1. By how many nm would the segment from Leu89 to Lys47 lengthen if fully extended, with 0.36 nm per residue of separation less the alpha-carbon distance?
2. Starting from the Cα of Tyr37, move 7 Å in the Cα-to-Cβ direction to define the label point; list residues of segment 53-68 whose amide nitrogen is under 12 Å from there.
3. Tell me, what is the 1.4 Å probe accessible area of Asp29, in Å² to the nearest 10?
4. If you roll a 1.4 Å probe over segment 38-118 with all protein chains in place, what percent of the accessible area is carbon or sulfur?
Amino acid sequence: MASLNVGNLGEYLREQRRQAQLSLRQLADAAGVSNPYLSQIERGLRKPSADILQQLAKALRISAETLYVQAGILDERDRDEVETRAAILADPSINERQKQVLLQIYESFRKENALTEEPRPPQEDQRSGRTEQSEQPQ
């Protein structure tokens with residue numbers, strides 16, 4: 001995990017609050033935190049927990065993962081995976097069993113792709129100038 005980047009988080013939160021046209025007090029009330037505590041977070045004086053970040057994200061109607069990345073709790077590269085999982089779990093058109101099966105399939109593809117090496121680019125044949133195609137299993 002990356003270290004907590006409180007200053008940038010505070011600036012980011014302030015900007016999100018302003019874009020949502022909320023006062024500090026309105027956001028604090030909506031997120032269930034005190035006005036002084038939220039002010040300290042925005043000024044970079046406090047390190048909020050993941051739970052507080054989740055409450056703030058919900059009140060701002062943004063993804064909690066976005067705040068986790070800003071806070072350094074979650075690496076940027078992990079964000080896509082977390083958001084994919086969240087989207088699957090939030091989909092009301094599929095039942096719980098289907099969600100779990102879909103998550104298992106998703107995870108198996110991720111593991112398979114992590115084990116597979118990147119394909120090397122085709123090499124040019126020096127004699128003919130043609131591009132050599134690697135054999136693909138069929």
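The values are calculated or read from the model by the stated rules, or taken from the named source; none is laboratory data. None of the values given here were measured: they were computed from a predicted structure. Neighbour counts run over all protein chains shown; Cβ positions are idealised from the backbone, glycine included. Note: accessible area is taken over every heavy atom of the protein model, side chains too, but ligands, DNA and RNA are not part of it. Shrake-Rupley method; radii C 1.70, N 1.55, O 1.52, S 1.80 Å.
1. 12.3 nm
2. Counting backbone N atoms under 12 Å from the label point, the list is 53-56.
3. The value for Asp29 is about 120 Å².
4. 49 percent
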